[in-house]
Amino acid sequence: MIKKALNKLYKLNNQVIPKNQENQDSDNLLHGDLTHRIIGCAMQVHSTLGNGFQERIYQRALAIEMNYEGLQFEQEKEMLISYRNQSIGTRRVDFFVERLIMVELKAVIRLEDVHLAQAMNYLEAYGTKIGLLINFGARSLEFKRVHLKRAGP
């Protein structure tokens, strides 16, 4: 029943990636099974804590939940940002899960376009194909599956 509800929410709330030959699952989404598991962990955290806490609280709780679920991840992974092959700074992504999925957390009333743009910029900067933008600040958990729209170098 939870999987059915998660699938329904997932289809209503997310961007779908065009069919790709590598790492496809039954939902025809790149790393779909893994993103489903991460979203399931986030749903558990949100249903337990509700909204209203600072982002850092949700980040700590999600780390506990993903550990419980057996997911491998790096937290606050720092990566270099480059421009014309020159380092211009660093940025930390909230989670980098199974060395495949970038997860950026928010705790705001409503996700804005700027949050989505930020997540997409991180994907490009990190050379990652798939990411999740998860917002714990709304009454209901919000999440967006993000992917690169253009091919990188």
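Quick look at the values:
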{"item": "Neighbour-count order for MET79, MET43, fewest beta carbons within 10 angstrom listed first", "result": "MET79, MET43"}
{"item": "Total formal charge among the other residues, if their Cβ is under 14 angstrom from that of PHE95, Lys/Arg +1 and Asp/Glu -1", "result": "-1"}
{"item": "Kirkwood Rh in Å, taken over region 42-105 so that all alpha-carbon pairs contribute", "result": "13.0"}
{"item": "Ascending count of other beta-carbon atoms within 10 Å, so fewest first, for LEU71, LEU80, LEU29", "result": "LEU80, LEU71, LEU29"}
{"item": "Surrounding net charge for PHE73, when Lys and Arg each add one and Asp and Glu each subtract one, Cβ distance under 14 Å", "result": "-2"}
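Values quoted throughout were computed directly from the atomic coordinates according to the rules given, and no laboratory measurement underlies them. Not measured: the values here are computed from a predicted model. Please note: Cβ atoms are built from the backbone with ideal geometry, for glycine as well, and neighbour counts cover all protein chains shown.
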